[in-house]
Amino acid sequence: MSNQSSSGGPSGRYQKKFYFSRRKYCIFCKDKIKFIDYKNYKMLENFTLETGKILPARVTGTCSLHQKQLTKAIKRARHMAFLKFIEPKRG
């Protein structure tokens, strides 16, 4: 006996469900920003987690050029004390 139905595909119980998500886009390319400034720390806070980690490009949707600039700007902002390296633990 085979697991395939007469239509040639897997049986109804094992069919894979597909998940469609919206395509991510680079907000810096959309706004035509050429250079990401480390002094704009309010915008840079959106690209870091509470633990201080930098969000990856697959999560934020930034292109590779702007992700490199973003990483460099966040690191510079940390050294200039605009951003915290890590948030203190609660509790």
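Throughout, read-outs are computed from the coordinates displayed, never taken from laboratory work. All values derive from a computational prediction rather than experimental measurement. As a convention, Cβ positions derive from the backbone with ideal geometry for all residues, glycine included, and neighbour counts pool all protein chains shown.
Compared with the alpha-carbon gap, the fully stretched path from ASP31 to LYS53 is longer by 5.5 nm at 0.36 nm per residue. Taking amide hydrogens as placed 1.01 Å from N in the peptide plane, the amide H of THR48 sits under 5 Å from those of LEU55, each at least 5 positions away in sequence or on another chain.
When you count the other C-beta atoms within 10 angstrom of each residue and take the mean per peptide, 59-71, 24-36 line up highest first as 59-71, 24-36. How about LYS75: which lysines have a C-alpha closer than 22 Å to its C-alpha, ignoring those fewer than 8 places off in the same chain? The reachable lysines, counting only those whose Cα sits under 22 Å from LYS75, are LYS34, LYS39, LYS42, LYS53, LYS84, LYS89.
Global dimensions of the chain from alpha-carbon coordinates: Rg and Dmax equal 21.3, 69 Å.
Taking chymotrypsin sites (Phe, Trp or Tyr not before Pro) across the range 46-91, the ones in a DSSP loop with at most 12 further Cβ atoms lying within 10 angstrom of their Cβ are PHE85.
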